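I have placed the structure first, in the form of structure tokens, so that the comments after it can refer back to it.
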Amino acid sequence: MAVPRGCLGLPLVAVLLASLCRGQAAVRELKVGYYAETCPEARSVASVMRLQFHDCFVNGCDGSVLMDATPTMPGEKDALSNINSLRSFEVVDEIKDALEERCPGVVSCADIVIMAARDAVVLTGGPNWEVRLGREDSMTASQEDADNIMPSPRANASALIRLFAGLNLSVTDLVALSGSHSIGEARCFSIVFRLYNQSGSGRPDPHMDTAYRRSLDALCPKGGDEEVTGGLDATPRVFDNQYFEDLVALRGFLNSDQTLFSDNTRTRRVVERLSKDQDAFFRAFIEGMIKMGELQNPRKGEIRRNCRVANNSPWQPRTGMASGQSTSELR
Ligand code: HEM
Ligand SMILES: *[C@@H]1O[C@H](CO)[C@@H](O)[C@H](O)[C@H]1NC(C)=O
Ligand SMILES: *[C@@H]1O[C@H](CO)[C@@H](O)[C@H](O)[C@H]1NC(C)=O
Ligand SMILES: *[C@@H]1O[C@H](CO)[C@@H](O)[C@H](O)[C@H]1NC(C)=O
């Protein structure tokens, strides 16, 4: 633990994430997943969780995904799998600002991503676990690496198995971590190919329940607005194993989800097991998040003062505050 106890003595990250849900009447009834039902910003909570995947897969968990592009460095935010899609950077900024006020220069942005991802799972009714801290922030980001590494929603099970294996993540890790799609939403942009032209066939993906496909056709009509979003599973605000039940029922939203049940016996066995046993899902998910969260960037890092920019960069946000907007300007 590189972080002094005093800095994280109160679960500050969780408190700030939960503050996305402020303005509710006094809580009378305590229950798991309470915020999943009451939080108008539940979607921000899901998108914060996604940041861990997009940070850790690209050169380790080093906060690189948080960096704004500068005139000399294209940012990962503009990579194909992130642009118009990855969100909630301002939530990380707020957490960082609050931590900088209390313990300047101590808590890395990379660690904030890891803590916030865990807290997002807890806030939506999922399991809790201890995270190990002490990561450093990178001084650069690589849009090219993000484009080369991050998987497409069109990916099939064998490509996903290979990608995860390259990071020492097992078939079980792949399936359990995909269970993060138990919360959150995706755009029609990410599924129109499978609704109307799967693998260039001019036909829909055959691995879809008919009624479900009709509902997706209605949500995402051919030639319609591809920014419209739908739930990644039937209960997109609650972290549970509904996602796996949906895959078994051929009601997966993304091709990269449904393929885990429909195209590969190794992943299918895990999907079937997790669809019947939520505790097994939670255990496997925690193990996967810890492994993914410990992918490291071997290069020397720093504790960024502002998650959007390296400390020594000539390109500093105009306001000088972490909550500044994305445009950088020469200091
Ligand atoms: C296995 C490969 C994966 C693929 C191909 C994939 C792909 C995607 C895509 C295409 C979206 C929707 C993007 C959009 O349309 O805007 C999405 C959303 C999401 N992904 Fe993944 N993902 C994968 C694994 C993961 C992992 C490992 C995590 C976290 C541990 C994760 C967390 C999320 C979350 C929480 C959302 C919803 C975000 C929101 O509501 O804003 N995904 N993913
Ligand atoms: C899976 O996708 C990869 C990469 O796009 C492709 O080369 C391979 O043929 C696909 N495999 C199957 C079984 O469809
Ligand atoms: C995977 O594990 C091997 C053997 O333990 C190690 O050498 C390698 O660096 C690991 N790869 C990643 C991406 O962590
Ligand atoms: C379907 O995909 C194939 C291959 O990607 C492409 O050549 C074809 O034009 C597409 N058809 C339609 C109707 O978009």
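The values are calculated or read from the model by the stated rules, or taken from the named source; none is laboratory data. This is a predicted model, so every value here is computed, not measured. We place every Cβ from the backbone using ideal geometry, glycine too, and count neighbours over all the protein chains shown.
Here is how the numbers come out for the structure above:
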read-out	value
Pick from region 268-307, criterion under 24 Å from Met150 (Cα atoms), β-branched (Val, Ile, Thr) and crowded, with 18+ Cβ neighbours inside 10 Å, ranking: farthest from ligand 2 (Cβ to nearest atom)	Ile286
Residue match in region 166-177 (condition: away from ligand 3 (no atom under 16 Å from the Cβ), assigned by TED's automatic domain parsing to the domain that holds Phe281 and in contact with a Leu (Cβ under 8 Å, 6 or more places away or on another chain))	yes
Some residue of region 205-213 being within 27 Å of Asp119 (Cα to Cα), within 16 Å of ligand 1 (Cβ to nearest atom) and not assigned by TED's automatic domain parsing to the domain that holds Ser85	no
Any hit, region 263-271, residues being out of contact with any helix residue (DSSP H, G or I) (no Cβ under 6 Å at 6 or more places or on another chain) and free of Cβ contacts under 8 Å to residues at least 40 places away in the same chain	yes
Per-region count, region 150-185, residues within 11 Å of ligand 1 (Cβ to nearest atom) and β-branched (Val, Ile, Thr)	3
Residues located in region 119-135, provided they are in contact (Cβ under 8 Å) with a residue 24 or more places away in the chain and part of a loop (DSSP other than H, G, I, E, B)	Thr124, Gly125, Gly126, Pro127, Trp129, Val131, Arg132, Leu133, Gly134, Arg135
Wholly enclosed helices (runs of 4 or more DSSP H) of region 136-236 bearing at least 1 residues more than 16 Å from ligand 4 (Cβ to nearest atom), at pLDDT 95 or above and more than 22 Å from Ile83 (Cα to Cα)	157-165, 171-178, 210-219
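Rundown of residues vs (1) under 24 Å from Ile95 (Cβ atoms); (2) of a type outside the set (Ser, Thr, Tyr); (3) at pLDDT 95 or above, yes/no style:
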position: Val248; (1), (2), (3): no, yes, yes
position: Ser256; (1), (2), (3): no, no, yes
position: Ser275; (1), (2), (3): no, no, yes
position: Ala284; (1), (2), (3): no, yes, yes
position: Met289; (1), (2), (3): yes, yes, yes
position: Met292; (1), (2), (3): yes, yes, yes
position: Val309; (1), (2), (3): yes, yes, yes
